[in-house]
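Structure record follows, encoded as C-alpha cells.
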Amino acid sequence: MRRGLPEEVVAGLRAVRDARELDEVECGHDAVLVTAFLSGWYLTLDGRVLTVSFFGEDVGVPVEASPVQRRRVVAIARRRFELPGLDVLWPVRGDGASDCVVCDGSGWQVGGTDVGSGEPGEMPCRGCHGLGWTD
Ligand SMILES: [Zn+2]
C-alpha cells in the first residue's frame, strides 16, 4: 500500500538513515529499519512496510507486510522516530470503536527486554496491534 509520506517525515527518515550504516534492504528499497525480531521490518520513504525474513526459504527477500504487520510496524515507527507526520499512516478511530481491553487503550504491552536499556520492553498490543482501540 502506498500512501506517500509528508516531506517532513521523509526528511526525518532520511536523517535517521544518514545517522547509521545502512543494510542492503535500506539501500535497495529506500527504507529505514524500524525493528528486527526473527525478521527485519522496514518503512520505506514512500510509506510502504516491508519485511525480510532471517530464516527459511525466502531469506533476505523483502515482501510487503500484511495489514496487521503494517499496523504494528507503524506503531513502533511512530514511537521510535517521533515524527508526527507518520500519523498519515495511522487509521482514524471510528465512532463505534471501544478502548482495547487487553492494553486498556494504550496500544502497548510489556514484553521482553529492551536490549538498549536493559529495562522491560514494550511491544504493540496483541489485541489491537498498537491502536489502543478495537472496532
Ligand atoms: Zn490493545
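Rule-based calculations on the coordinates, nothing more; no lab input. The model shown is predicted, which means the values in this text are computed figures rather than measured ones. Note: ideal-geometry Cβ built from the backbone for every residue, glycine included; neighbour counts use all protein chains shown.
Summary of values
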{"item": "Sparsely packed GluC sites (Glu not before Pro) within the range 53-91, loop by DSSP, other Cβ within 10 Å at most 11", "result": "Glu57, Glu82"}
{"item": "The chain, Rg to Rh (Cα coordinates; Rh as Kirkwood inverse mean 1/r)", "result": "0.97"}
{"item": "Solitary cysteines of the chain, where the nearest other Cys Cβ is not under 4.7 Å", "result": "Cys27"}
{"item": "Burial order of peptide ranges 19-28, 123-132 (average beta-carbon count within 10 Å, highest first)", "result": "123-132, 19-28"}
{"item": "Gyration tensor verdict on the range 63-135 (Cα atoms; rounded if a/c is under 1.5, prolate if a/b is larger than b/c, oblate otherwise)", "result": "oblate"}
{"item": "Label-point separation in nm, Asp104 to Thr134, each point 7 Å along Cα→Cβ", "result": "1.8"}
{"item": "Label-point separation, Ala15 to Arg79 (7 Å along Cα→Cβ), nm", "result": "2.1"}
{"item": "Point-charge dipole on Cβ atoms (K/R +1, D/E -1) for the range 94-135, about Cα centre, debye to 20", "result": "140"}
{"item": "Percent RCO, i.e. relative contact order, over the chain, from Cα pairs under 8 Å lying at least 6 residues apart", "result": "19"}
{"item": "5 angstrom amide H check on Val34, placed H, neighbours 5+ away", "result": "Trp41, Tyr42, Leu43"}
{"item": "Separation between Cα centres of the range 28-70 and the range 121-135, rounded to whole Å", "result": "20"}
{"item": "The range 94-135 - Debye-derived log10 I(q)/I(0), Cα point model, q = 0.14, 0.15, 0.16 Å⁻¹", "result": "-0.34, -0.38, -0.42"}
